[in-house]
Each structure stands twice: as structure tokens, then as C-alpha cells.
Amino acid sequence: MSSFLSRRINEQEKKDSAEKAERSSFFNDEFNAADEPKAAAAAPAVPPPAASSASRIPGEMSESVTLDTGYVVPPKLRTSARVSQLRKQLRTKLLAFPDEADHWDRHDSEKQQILIGRMNTILAKMGVKLPPVEVAELSEGLLNDLLGFGAIQTLIEDRTVSEVMVNGPSVIFAEQKGKLHETEFVFDDDDHAYFTAQKIVRPLQRTIDRANPMVDARLPDGSRVHIVGQPSALLGTTITIRKFPSKRLTVDDLVKFGSFPREVAQFFEACVVSRLNIVVSGGTGSGKTTLLNVLSSYIPEDERIITVEDSAELNLAQRHVVRLETAPPIPGSKTEGRLEIRDLVKGSLRMRPDRLVIGECRSGEALDMLQAMNTGHDGSLTTVHSNSPRDAVGRLETLCMMAGMDLPLMVIRQQIAGAINLFVQQARLKDGSRKVVQVTEVQGMEGESVTLQDLFVYKTPGHTQMSYSHEGGGSLDGTGFRPNFVDQFKQFGFNLPAKIFQAPSKR
């Protein structure tokens, strides 16, 4: 197919070479809506592609490409050279203004027909005649660019894909079932990837340019996006997308997936309803936000919940929820209009919250959160990056120092010991599964150290170390220690059986 298309392209280019100079002027013409009916009549009608963009239109197999790093990118199916050039030049000419299609749906047949009609008009003005296969390739590509997310549209729509990672135009990775693999999808060039990045951030009133080469954003479905542009991204525009589940995961889902057993789910419910302050800790991609969302679902309906996030991901079903998201400065200013997590946390304390849920502590807002927990805002929830509950304590100490208050380390540790009741460690294991691997109680201070006690630890058969196992096939079991806040459970109507906390050998 690729050789056939190449021959057709060469023949067509030779045939049209005499008219090339005349036609090229049309690329710079503004789209004239008044001429649309006349031009559309002259051009052959091109129906819009099928609603699903998962099917791929044949293109050309590219040759292998060697990156600056030395990695040789294998041959991949690319848009044919001629269609790629038309696609690049028509992208902006099909829109009346740059953000016209930002909120249009990829599968809206009416919007598809509008864009295809405009494409027919411009092609007729240019005198360009394409074979049907190239017309289908061009129309599909333009619809993906203007109504979807370009080359990664198929990956965005694939429910089995949990993450999409664009490492420049020629290398795109996807995660499925916890495993990463390089995909066959590619952007035409870095301008194509940059165009997609702009389409992602523009609806959120954010920009990606030389003044702002790095930006956090989200897709319409709530998926988290991080973008780095040039000159920082040496291999081209980098886009990392953490996809939002199409279905809100529940406690039953996580139990079914084996993230934790049913008994631990009952324990988590008692902790949340009893207004314990909980920190979910874990590494990147371990499932911290998903677990935070599930724990938040235990908050009673009659309580006022305020969520604070860098990019809104939490999706709480309760009726009394206020969602707050950080805001970048307005274009042309370095500080005007900026709202950071710390600003939102401080402001939220004046909004009479019953529960404060912070998506992630990354900086000085950790100190504000601890102060809130210590001053009557019990039942708060947040996440932090760390490899273990003990590391999470050290991480919080560091974040509090970033607040610029110049507090003694001992004071910060006392704040942590007095504020936090429970650390829940989440991890992605070697087999790709995501599980709760450690549940640890904060018991207070002993000397100058924060005292921790494991209540549940994930172990595999034959694992004898004190820390949790990194292999799959294990279970989250009790350690035999009864938490100090069990009496608090009873005040809220929970009377958990003692066997929940017992080690398997003693049950």
C-alpha cells in the first residue's frame, strides 16, 4: 500500500508542477464563508469519516530515525508526505478563530460536517485533487487535530490505556495493565505535537510558550496532563497524560482488584467517618489519587468538603463539595492572578470546611495543612510522595521547611505527631499491580522522634523482612497491634472485630 501511495503521489506532483506557483497563493488566503457554497459545488463532496477515530488510515512506513540520545526509533506508520504538508497548512485555516473548536466533541457529526465542508472549499480554491485514500487520510487527521488530540487520539480513547507519554514527535509510550510499551503512533513533526499541546492548555486559559515552557493541565474528562516545551524539552514537546478512569472507582472495585482486603476496607471506613487525619503516601503512578478519591467517598453526606488541587482530579459524589484548583498568572504578568495551593489552603480555612482534602502536598502548604489539622479541622486527607511512612515523615518535615517560617525541626515534628493519625502507603509492585502495602499509625513522640507503628503490612509467602514485599501474589495482613484510636471508632458507631488486626498465624 505504501509503495502504491508513493507512486500516486509522485505522478500527481509531476502533473501539478506547472500549476504549483498559482495554487500556493491560496494557502495564505483567509477563509471566506461567502464563497463556501460555490467552492463546495466545484469540489467533490467528501463525507466525514466514521465517528470512531480508532481505525487508522494507511500512510507511509517511515525509515528508522536516530535520536540525539543514540536511540534508533524503529520504522512506524506515518502520514504520507503530501498529506502531512496539507494537514499542517490547513489546520488553522479551517477555524474562524484559534479556539473555535476547543470545546467541540470529536464524535459530533454536525461539527465534523462543518470542518469537512470547509476543507472541501479550500481544496477546491487551491485546485488540489486527491485520490480517495488521501482524502480519507487528510480528513481523519484534521478532525483528530481540531476536535481531538492529534496523533494520540486513539490512545486517549482506548480505555485499557492508563497513561500516555509523548517523548517528542517520534516516540510515544503508553501504559497498559501497569506495563509501558512504545506505540506505533507518531506526530508529523514537533509543530504538530506543539499544536496538540496548545489545544490542551488553551481551554484552561493557560499557555505553553517560551515564557511558560512548563505547564500543568487536564483533559475534559479530568485526566491530568503535564507539558514541557522547548528549549527545556530537548527531544521535542513532551506531554505526559495520566488518564482519568471512565468509571469512578469504588471501594468494591479496589477490593475486587486486590488493592486491599474487605476487612481493611471496613477499617478505612471507620477511620474516615471517625475523623482521623490520613496521609496517603507513595511513589509516582502508584495510585495515590485513586485511593484518596475512594477514601473521600466515606465522608458523610451532611459534611462540607473542600478539595484543593493543582490540577483537578478528585471526583467526589457528595452533594456539598467545593472544588478549588490553582491558577497561573495572567498572560504578560509573573504574579498577577496566580493562585497556588498554599493560597487556596489558607483561603479554604475561611470557608467553614468540615473536611479539607488536599490533592497533594508539594511545598510549604504542608505546614498550613498541619496547622489546620491541629486547630479543629479533623478528618483531613492528603497525599505525599514517599517510599514508606517513615520517609513520609521526613518528606513532610522538608516541605514544612519550604514554607519559609524558620521553625525548629523539633516544632515541626511535634506538629506532625499531633496532627496526623494514619499513613497509608500505596505502591506499584513489580507485576504492575497497585496495592496498599502498609498502614501505619502515628503514636506520638518519643524523645526527638515521631513514633510509628505498623498495623497492616503487605507480605508474600517466604518474605521475612520487616518492610513490605515488592512482589505480586501476597496479601495485606495485620501485625497484631491494636491501634490507639479504636475507642474513637466506638464513639462513631464502629465496633471492629479484634481479628482484623491479628496476624494470619494467630487468627
Expressed in Å to one decimal, the Kirkwood Rh of the range 159-310 from all distinct alpha-carbon pairs is 17.7
Between Gln266 and Tyr71, what is the FRET efficiency for a Förster distance of 35 Å, r being their Cβ-Cβ separation, to the nearest 0.05?
0.10
Compare Asp145, Asp302 by solvent-accessible area with a 1.4 Å probe and give them largest first, with all protein chains kept in place.
Asp302, Asp145
Listed pairs Lys125/Lys199; Lys199/Lys435; Lys243/Lys459; Lys288/Lys346 exceeding 31 Å between Cα atoms:
Lys199/Lys435
One would report the Cα pair-distance distribution of the range 151-228, bin width 10 Å, in %, as 18, 52, 28, 2
What do you get when you divide the Cα radius of gyration of the range 204-273 by 2.2 N^0.38 Å, with N the number of residues?
1.69
Taking 0.36 nm per residue of sequence separation and subtracting the Cα-Cα distance, how much length would be gained by fully extending the chain between Phe173 and Phe485, in nm to one decimal?
107.8 nm
Residue-normalised value, i.e. accessible area per residue, for the chain at 1.4 Å probe, in Å², stands at 48
Restricting to Cα pairs below 8 Å that are 6+ residues apart, what does the relative contact order work out to for the range 174-261? Please round to a whole percent.
17
Quick one: compute the contact order of the range 368-507, relative version, from alpha carbon pairs under 8 angstrom and 6+ residues apart, as a percent.
16
Ratio of the range 242-349's C-alpha Rg to 2.2 N^0.38 Å, to two decimals?
1.23
What number do you get for the range 85-184 when its Cα radius of gyration is normalised by 2.2 N^0.38 Å, N = residues?
1.22
Hey, what D do you get for the chain in µm²/s if you plug the Kirkwood alpha-carbon radius into Stokes-Einstein at 37 °C and 0.692 mPa s?
127
At R0 = 25 Å, FRET efficiency that the Cβ-Cβ distance of Glu182 and His470 yields, to 0.05
0.50
The range 377-417: percent of C-alpha pairs farther apart than 11 Å?
68
Simple Cβ-charge dipole of the chain, Lys/Arg +1 and Asp/Glu -1, about Cα centre, in debye nearest 20:
780
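The values are calculated or read from the model by the stated rules, or taken from the named source; none is laboratory data. Everything numeric in this text was worked out from a predicted model, so none of it was measured. As a convention, Cβ positions derive from the backbone with ideal geometry for all residues, glycine included, and neighbour counts pool all protein chains shown. Just so you know, the surface numbers come from the protein's heavy atoms only, side chains and all, with ligands and any DNA or RNA stripped out. Shrake-Rupley method; radii C 1.70, N 1.55, O 1.52, S 1.80 Å.
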